[in-house]
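**Q** I'd like to ask some things about the structure below.
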Amino acid sequence: DGLVVNALLSEETRPRCDPVGKGLLISLRGINHDPDSEDEDMVSLRLYVDSTRMITTRQRVVRSTNDIAARLENGTGPIDSGDLVTTLAERLIVRMSQVVSDLEENVDVLEEELLENAELSLRGQLMLLRRKAILLRRYLGPQREALHRLYTDRIEWFSHDHRMQLRETVDQLTRYVEELDSVRERTAVAYEELTSRLTDQLNSRMYLLSIITGVFLPLSFITGLLGINVGGIPLASSAWGFAIVVGLLALTAIVELIFFKRQHWL
């Protein structure tokens with residue numbers, strides 16, 4: 001069918017499961033295990049399957065298909081189309097477990113670091129984890145719906161055992177989606193907490209600078225007034241002039257600090 005050909009050769013796909021005659025047109029996503037790629041850069045696998053055959057297309061290596069191919073060569077692989085579909089879906093989901101677990105562990109570590117020391121560098125790490133969770137969730141959500149439709153649709157060559165196996169796969173995928181939602185929410189909360197702590201630190205430093213400025217502003221005014229180069233400056237010819245001015249400045253600073261303390265500014 002031309003529709004099937006176009007779907008199998010499409011460059012951009014989203015997870016789907018559509019009946020075509022007595023067959024199924026399926027598009028699934030798997031984790032990209034290429035060392036030069038990111039986990040969230042998921043690889044696409046397109047399938048057309050009926051009761052006697054399966055046709056798959058891909059642009060990049062999908063290790064789950066290699067696993068099944070090795071089992072077939074050893075004589076321990078799937079025995080029919082329904083078994084092949086459920087096994088492939090299961091292998092794709094199983095390979096996601098480590099990636100999701102690593103995301104949760106990284107969030108745990110960042111939350112612990114945040115409790116000990118709120119550093120600006122944590123902001124970039126939190127945003128990176130949140131981005132990964134969002135991108136993975138973007139594909140795993142539709143994939144769950146596609147597999148759920150495959151589980152609920154009445155297909156002649158899909159047995160009860162196949163449905164039960166696929167149901168377990170859907171339940172496992174649902175758990176991964178929920179964990180990704182949890183990672184996304186936890187990173188958002190941690191980011192807000194980090195921002196709040198950094199803001200508090202900035203406000204504390206600005207407050208300290210304001211107090212220092214408030215103390216030294218009158219002192220600067222006095223010294224500036226005494227430093228103008230005109231006649232009649234008090235104590236200009238006195239041997240005790242410098243000591244008296246320093247004492248006056250110290251007294252002024254003490255009075256200011258007492259005033260700030262009574263106003264509960266310190």
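**Q** Given the conditions (1) modelled with pLDDT of 85 or more; (2) touching a helix residue (DSSP H, G or I) at 6+ places or on another chain (Cβ under 7 Å), report the number of the one that residue 120 does not fulfil.
**A** With respect to (1) modelled with pLDDT of 85 or more; (2) touching a helix residue (DSSP H, G or I) at 6+ places or on another chain (Cβ under 7 Å), residue 120 is out only on (1).
**Q** When both residues are 6+ apart or on different chains and their Cβ atoms are under 9 Å apart, which pairs have a first residue that lies in the stretch 203-218 and is under 19 Å from residue 254 (Cα atoms), and a second that is of a type in the set (Asp, Glu) and surrounded by 10 or more Cβ atoms within 10 Å (Cβ to Cβ)?
**A** 214/256; 215/256; 218/256
**Q** Is it the case that residue 78 is open to solvent by 10 Å² or more (accessible area, probe 1.4 Å), in contact with a Ser or Thr (Cβ under 8 Å, 6 or more places away or on another chain) and without any contact (Cβ under 8 Å) to a residue 12 or more places away in the chain? Break it down stepwise before answering.
**A** Values: open to solvent by 10 Å² or more (accessible area, probe 1.4 Å): yes; in contact with a Ser or Thr (Cβ under 8 Å, 6 or more places away or on another chain): yes; without any contact (Cβ under 8 Å) to a residue 12 or more places away in the chain: yes.
Criteria met by residue 78.
**Q** Could you list, in sequence order, the residues of the stretch 110-143 that are farther than 24 Å from residue 42 by Cβ and either touching a residue at least 24 places away in the same chain (Cβ under 8 Å) or of a type outside the set (S, T, N, Q) (or both)?
**A** Taking the stretch 110-143 and keeping what is farther than 24 Å from residue 42 by Cβ, we get 111-123.
Within the stretch 110-143, 111, 112, 113, 114, 115, 116, 118, 119, 120, 122, 123 qualify.
**Q** Mind checking which residues of the stretch 173-192 are surrounded by fewer than 16 Cβ atoms within 10 Å (Cβ to Cβ) and touching a residue at least 40 places away in the same chain (Cβ under 8 Å)?
**A** Filtering the stretch 173-192 for residues surrounded by fewer than 16 Cβ atoms within 10 Å (Cβ to Cβ) gives 174-175, 178, 181-182, 185, 188-189, 192.
Listed by number, the residues that qualify are 181, 182, 188.
**Q** Condition first: open to solvent by less than 20 Å² (accessible area, probe 1.4 Å) and touching a Phe, Trp or Tyr at 6+ places or on another chain (Cβ under 8 Å). Can you find one or more residues in the stretch 194-204 that meet it? If you could, list the steps in order and put the result at the bottom.
**A** Within the stretch 194-204, the first condition is being open to solvent by less than 20 Å² (accessible area, probe 1.4 Å), and the residues that meet it are 194.
Pick out the ones that are also touching a Phe, Trp or Tyr at 6+ places or on another chain (Cβ under 8 Å) and you get none.
Within the stretch 194-204, not a single residue is open to solvent by less than 20 Å² (accessible area, probe 1.4 Å) and touching a Phe, Trp or Tyr at 6+ places or on another chain (Cβ under 8 Å).
**Q** Tell me whether the stretch 85-106 contains one or more residues that are over 29 Å from residue 182 (Cβ atoms) and either in contact (Cβ under 8 Å) with a residue 24 or more places away in the chain or open to solvent by less than 40 Å² (accessible area, probe 1.4 Å) (or both).
**A** Within the stretch 85-106, the first condition is being over 29 Å from residue 182 (Cβ atoms), and the residues that meet it are 85.
Filter once more, keeping what is either in contact (Cβ under 8 Å) with a residue 24 or more places away in the chain or open to solvent by less than 40 Å² (accessible area, probe 1.4 Å) (or both): 85.
So far as the stretch 85-106 goes, yes, one or more of its residues are over 29 Å from residue 182 (Cβ atoms) and either in contact (Cβ under 8 Å) with a residue 24 or more places away in the chain or open to solvent by less than 40 Å² (accessible area, probe 1.4 Å) (or both).
**Q** Across the stretch 153-172, which residue is most open to solvent (accessible area, probe 1.4 Å) among those that are assigned to a helix (DSSP H, G or I) and of a type outside the set (D, E, K, R)?
**A** Kept after step one, since they are assigned to a helix (DSSP H, G or I), are these residues of the stretch 153-172: 160-172.
Retained after the next criterion (residues that are of a type outside the set (D, E, K, R)): 160, 162, 164-166, 169-170, 172.
Numbers: 160: 121, 162: 19, 164: 70, 165: 56, 166: 0, 169: 5, 170: 13, 172: 53 Å².
Among them, the one singled out is 160.
**Q** Looking only at the stretch 107-152, filter to residues that are under 27 Å from residue 15 (Cα atoms), among the charged types (D, E, K, R) and in contact with a Ser or Thr (Cβ under 8 Å, 6 or more places away or on another chain); which one of those is most open to solvent (accessible area, probe 1.4 Å)? Step through it out loud before you land on a result.
**A** Step one: filter the stretch 107-152 for residues under 27 Å from residue 15 (Cα atoms), giving 127-152.
From what is left, the residues that are among the charged types (D, E, K, R) are 130-132, 137-138, 144-145, 149.
Now drop any that are not in contact with a Ser or Thr (Cβ under 8 Å, 6 or more places away or on another chain), which leaves 130, 144.
Numbers: 130: 70, 144: 53 Å².
Only one residue fits best here, namely 130.
**Q** Related question: Inside the stretch 1-99, counting only strands (runs of 3 or more DSSP E) that do not spill past its ends, which hold 3 or more residues that are closer than 21 Å to residue 169 by Cα, modelled with pLDDT of 85 or more and touching a strand residue (DSSP E or B) at 6+ places or on another chain (Cβ under 9 Å)?
**A** On the way: elements: 16-20, 23-30, 43-49, 54-57.
The qualifying strands (runs of 3 or more DSSP E) are 16-20, 23-30, 43-49.
**Q** Here's something else I'd like to know. Determine if the stretch 232-245 includes at least one residue that is within 55 Å of the chain's Cα centre (by Cα) and open to solvent by 90 Å² or more (accessible area, probe 1.4 Å). Walk me through it before giving the result.
**A** Within the stretch 232-245, the subset within 55 Å of the chain's Cα centre (by Cα) is none.
No, there is no match, as no residue in the stretch 232-245 is within 55 Å of the chain's Cα centre (by Cα) and open to solvent by 90 Å² or more (accessible area, probe 1.4 Å).
**Q** Okay, moving on. Looking only at the stretch 241-265, count every residue that is more than 16 Å from residue 213 (Cα to Cα) and part of a helix (DSSP H, G or I) and tell me the total.
**A** Here is the first cut: in the stretch 241-265, the residues more than 16 Å from residue 213 (Cα to Cα) are 241-248, 251, 262-264.
Next, from what is left, pick out any that are part of a helix (DSSP H, G or I): 241-248, 251, 262.
Of the residues in that region, 10 qualify.
**Q** List pairs: first in the stretch 10-32 and more than 16 Å from residue 51 (Cβ to Cβ), second part of a loop (DSSP other than H, G, I, E, B) and of a type in the set (Lys, Arg), Cβ under 9 Å, 6+ apart or cross-chain?
**A** Listed pairs, sorted by first residue: 27/14; 29/14; 30/95; 31/95; 32/60.
The values are calculated or read from the model by the stated rules, or taken from the named source; none is laboratory data. Predicted model, so just to flag it, every value in this text is computed and none were measured. FYI the Cβ positions are ideal-geometry reconstructions off the backbone, even for glycines, and counts take in every protein chain you see. SASA here: full protein model, heavy atoms, side chains in, ligands and nucleic acids out. Shrake-Rupley method; radii C 1.70, N 1.55, O 1.52, S 1.80 Å.
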